[in-house]
1. Within 26 Å of VAL32 (Cα to Cα), in a helix (DSSP H, G or I) and out of contact with any helix residue (DSSP H, G or I) (no Cβ under 9 Å at 6 or more places or on another chain), is that true of LYS148?
2. Filter region 232-252 down to the residues that are surrounded by fewer than 19 Cβ atoms within 10 Å (Cβ to Cβ) and within 15 Å of the chain's Cα centre (by Cα) and list them by number.
3. Has region 231-246 got any residue that is among the acidic types (Asp, Glu), more than 24 Å from ILE180 (Cβ to Cβ) and either part of a helix (DSSP H, G or I) or modelled with pLDDT of 95 or more (or both)?
4. Do you know which of the residues in region 113-167 that are modelled with pLDDT under 70 and among the basic types (Lys, Arg) is farthest from SER86 (Cα to Cα)?
5. Within region 181-213, work out how many residues are under 20 Å from the mean Cα position of the chain (by Cα), buried (at least 18 other Cβ atoms within 10 Å of the Cβ) and outside any helix (DSSP H, G or I).
6. If you check LYS205, LYS226, LYS173, which single one turns out to be at pLDDT 95 or above, closer than 25 Å to ALA35 by Cα and out of contact with any His (no Cβ under 6 Å at 6 or more places or on another chain)?
7. If MET167 meets every condition in (1) farther than 29 Å from GLY115 by Cα; (2) surrounded by fewer than 14 Cβ atoms within 10 Å (Cβ to Cβ) apart from one, which number is that one?
8. Between a first residue in region 230-253 that is closer than 19 Å to GLU215 by Cα and a second residue that is hydrophobic (A, V, I, L, M, F, W, C) and at pLDDT below 95, which pairs have beta carbons less than 6 Å apart while being 6 or more apart in sequence or on different chains?
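The values are calculated or read from the model by the stated rules, or taken from the named source; none is laboratory data. Quantities reported herein were computed from a predicted structural model and do not represent experimental measurements. Cβ: placed from backbone, ideal geometry, glycine included. Neighbour counts: every protein chain shown.
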Amino acid sequence: MFINLCIHQPIMPSFWRHVNKVMDMAEIIIEVIDARMIEETRNEEIEKKIRAKGKILLYGVTKCDLVDVSKLKKRLQSLKPAVFISGKEKLGTTILKKKILELSKGESVVVGVVGYPNVGKSSLINALAGRGAARTSSESGFTKGMQKIKVDNKIMVLDTPGVYPHMEKDEIKHGRIGAIGYSKVKDPESVALNLIEEMPEKVKKYYGVEGEDAEEILEAVAFRLKRLQKGGEPDLEAASRSILKDWQTGRMK
């Protein structure tokens, strides 16, 4: 039960037809959210439709190896049931299988996976299946169509590309959460500055730079990474894309 269409213009004639098809096919729907940006990667519009159809909603919190899980648990008190997952570290997959079978009362079940592009849906499925069943990439839009993946004799998973909420147009948000890849963001400087403003100490520590505000930090990163224009001026666009790449790929923790 997957909802995922990776298109940079979120208005798509087939969007809701695709979502409804996935929700009709699956009994349990896992909404995949990024542990680093929980609220930003939730699609509350889809959550309402899932509940309206009487389907079971399970939150799969991915990339938990990039955050302090003890602090994360406090933030997730209102999101239940939820399972913490790290496809990279193979954490939480046994718990996720047990939770799925608990919710299905031990019966065979079709599970759909929904979420924004690049939140870790395919990695979650691969961790669940124990093999490279769903192709993965740090670039958004890598998964192009629905895949049926048999996890075991009782669990069948439906995988499709990522989707945006209907009518959502917010490049800064989409760049931050990786729904638009770092190489495709039209205004990388605005996205990078927004990211720096929210977590200046993290950025300064990762690159070993100093700065009083986001602009100074970005400029310092450009010099540190030698992203320079002719004449030695900092290339802020190139530096911004480097920051977004390190953030989207999980290098910057």
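1. So LYS148 does not fit the description; no.
2. Those that are surrounded by fewer than 19 Cβ atoms within 10 Å (Cβ to Cβ) and within 15 Å of the chain's Cα centre (by Cα): LYS245, ASP246, THR249, GLY250, ARG251.
3. Start the filter on region 231-246 by keeping residues that are among the acidic types (Asp, Glu), which leaves 233, 235, 237, 246.
Still in the list and also more than 24 Å from ILE180 (Cβ to Cβ): 233.
If we keep only those that are either part of a helix (DSSP H, G or I) or modelled with pLDDT of 95 or more (or both) as well, we get 233.
Among the residues of region 231-246, at least one is among the acidic types (Asp, Glu), more than 24 Å from ILE180 (Cβ to Cβ) and either part of a helix (DSSP H, G or I) or modelled with pLDDT of 95 or more (or both), which makes the answer yes.
4. Checked region 113-167; the qualifying residue farthest from SER86 (Cα to Cα) is LYS144.
5. Within region 181-213, residues that are under 20 Å from the mean Cα position of the chain (by Cα), buried (at least 18 other Cβ atoms within 10 Å of the Cβ) and outside any helix (DSSP H, G or I) number 3.
6. Numbers: LYS226 fails: closer than 25 Å to ALA35 by Cα; LYS173 fails: at pLDDT 95 or above.
So the residue among LYS205, LYS226, LYS173 that is at pLDDT 95 or above, closer than 25 Å to ALA35 by Cα and out of contact with any His (no Cβ under 6 Å at 6 or more places or on another chain) is LYS205.
7. Just one mismatch for MET167, condition (1).
8. Taking only residues 6 or more apart or on different chains, the pairs are ASP246/MET252.
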